[in-house]
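Here the structure comes first, spelled out in structure tokens, and everything after it is commentary.
Just so it is clear, none of the values below were taken in a lab; they were calculated from the coordinates. From a predicted model like this one, the values you see are computed outputs, not experimental measurements. Cβ sites come from the backbone with ideal geometry, for glycine too, and all protein chains shown count toward neighbours.
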Amino acid sequence: MVNSVPASLKPFNTFGVEATCDELISFNDEQSIQNWLKAEKPALDSLFILGGGSNLLLLGHSPLTFLQANIKGIEYCEQKSDNDVLVTAGAGVNWHQLVLDSLDQGYSGLENLSLIPGNVGAAPIQNIGAYGVELQDLFVSLRAIELATGKLKEFAGEDCQFGYRDSIFKKELRGRFVITQVTLRLSKKLQPNIEYGPLKQLFNDEPVVTAKQVSNAVIAIRQSKLPDPAQLGNAGSFFKNPVVTEEQYQTLLDAFPELVAYPVGSGHYKIAAGWLIEKAGLKGYREGEAGVHEKQALVLVNYGHASGQDILQVAKQVRDKVLELFGIKLEPEVWIIGEQQIFSS
Ligand SMILES: Cc1cc2nc3c(=O)[nH]c(=O)nc-3n(C[C@H](O)[C@H](O)[C@H](O)COP(=O)(O)OP(=O)(O)OC[C@H]3O[C@@H](n4cnc5c(N)ncnc54)[C@H](O)[C@@H]3O)c2cc1C
């Protein structure tokens, strides 16, 4: 267990903003989390669980204790009866390292989710997804410790209530459990999933032979589209793509025939939030050190010395302009620590 009081969070957020918290405690195993909870009996609202900080906007000082489940280890278990392999990884394993490790072992399943920043423990929180695959497609179970009781609990897929960038851990169980390990189902045989736009184009004439090929393609596409947080602070997509009813979709389509949207079943459509922001004229918009990325309108960036508040200010501008023009209220995908309510009001 490593304890820092008070702690700088600058190295722990991919926006790269200056931020602090009262205390940061990093645990290496489940037992030490349980021991600490038993000894300290902390109030739940005094805690925040930190992963790799790639989906957070921190606003200055948080008067909270940040807990990190820095549990390592990756284990594979081949299933005798069929093609399946189960992989169990500790919450503190870097997600992309897990993807690469599984590919090196010759297993497929995670290739479309290559290069997503962050740790394994955070992956179920928003059901990470990219290029036509979501965590829930591979998910078997997770283990988590209930902060109020210190008890270990196992969650199967149906318990997690996965949805688009959503799970029970963002709703009823928000801030109540620290995830310690995740188990996923991989495959010994490649079942390529290359139907998603840019991947389809790339593999148009070429047969896909290995999962590594798909992974390399995903990495190349991501690197060409998304700013690297090590070069330009960001947290990936700042807003979720809004989902609207067929009626709302038709109204928007009548007004904007070039609207970018996808049917998502049961009469609903997902609208490309990046398109809305770009159409609102905000791609490349900049206020001092914070702004909207010039190539990818869904990504807000720190040009070097922005504070969390500077980035929040740009986010508010984007939200207000999109609401005014399209009547759609964008919801943040990132966790805003300190001022979440401004987006839900
Ligand atoms: C350049 C870039 C590209 C991105 N691309 C994608 C993408 O394609 N698809 C996608 O889905 N996301 C994407 N993201 C967002 C981000 O990578 C994911 O949300 C990731 O899962 C966050 O992991 P983290 O460890 O950094 O979590 P953090 O940002 O530290 O935390 C995120 C949330 O998870 C909670 N949490 C973290 N660890 C635990 C734990 N062990 N137990 C319980 N709760 C926990 C935190 O409390 C917080 O609510 C991108 C981000 C960046 C910077």
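For region 147-202 versus region 253-299, the inter-centroid distance based on Cα atoms is 26 Å. What FRET efficiency comes out for T149 versus E324 if R0 is 41 angstrom and r is the Cβ-Cβ distance? Round to the nearest 0.05. Working from the Cβ atoms, E equals 0.30.
Using a ≥ b ≥ c from the Cα gyration tensor of the chain (square roots of the eigenvalues), is it rounded, prolate or oblate, where a/c under 1.5 gives rounded and otherwise the larger of a/b and b/c decides, a/b for prolate?
Values: a/c = 1.64, a/b = 1.09, b/c = 1.51.
Oblate.
Among the trypsin sites (Lys or Arg not before Pro) within region 34-97, those in coil by DSSP and having at most 16 neighbouring Cβ atoms inside 10 Å are K72, K80.
Using 0.36 nm per residue of separation minus the Cα-Cα distance, give me the extension gain between E287 and K80 in nm, one decimal. Write out the running numbers ahead of the final one.
Numbers: separation 207, 0.36 × 207 = 74.52 nm, distance 5.78 nm.
Extending this stretch completely gives an extra 68.7 nm.
Multiplying the residue separation of K171 and V2 by 0.36 nm and removing their Cα-Cα distance gives an extension gain of 57.9 nm.
Rounded to the nearest 500 deg cm²/dmol, what is the calculated helix-only ellipticity per residue at 222 nm for the chain, with -39500 (n - 2.57) per DSSP H run of length n ≥ 4?
On the way: 9 runs with 86 residues, N = 345.
It lands at -7000 deg cm²/dmol.
Provide, for q = 0.11 Å⁻¹, the log10 of I(q)/I(0) from a solvent-free Debye sum over equal Cα point scatterers in region 208-345. Taking Cα atoms of region 208-345 as identical point scatterers yields -0.46. A simple spin-label model places pseudo-atoms 7 Å from Cα toward Cβ; at S187 and Q309 they are separated by 5.2 nm. Annotation: lysines with alpha-carbon distance below 18 angstrom to K240 (same-chain offsets under eight excluded): K170, K171, K225, K270, K279, K283, K295, K316, K321, K329. A crude spin-label estimate for the pair E246 and Y262, with each label 7 Å from Cα along the Cβ direction, gives 2.0 nm.
Legend: ranking of residues E289, E75 from fewest to most surrounding C-beta atoms inside 10 Å; resulting order E75, E289. Please give the residues of region 47-82, grouped as numeric ranges, whose backbone N is less than 16 Å from a label point set 7 Å along the Cα-to-Cβ vector of E18. Only 58-62 fall inside the zone, counting backbone N under 16 Å.
Here the Gaussian network model covers the chain, with springs between Cα atoms less than 10 Å apart; of T180, T14, T251, T251 fluctuates the most. Among Q105, Q181, Q161, the residue with the largest mean-square fluctuation in a Gaussian network model of the chain, with springs joining Cα atoms closer than 10 Å, is Q105.
Quote the FRET efficiency, to the nearest 0.05, computed for Q201 versus E294 with a Förster distance R0 of 35 Å and r equal to the Cβ-Cβ distance. The partial results should precede the final answer.
Numbers: r = 23 Å, r/R0 = 0.66.
Result of the calculation: an efficiency of 0.90.
Taking A261, A43, A273 as the candidate residues, the one with maximal mean-square fluctuation in a Gaussian network model of the chain, Cα springs under 10 Å, is A43.
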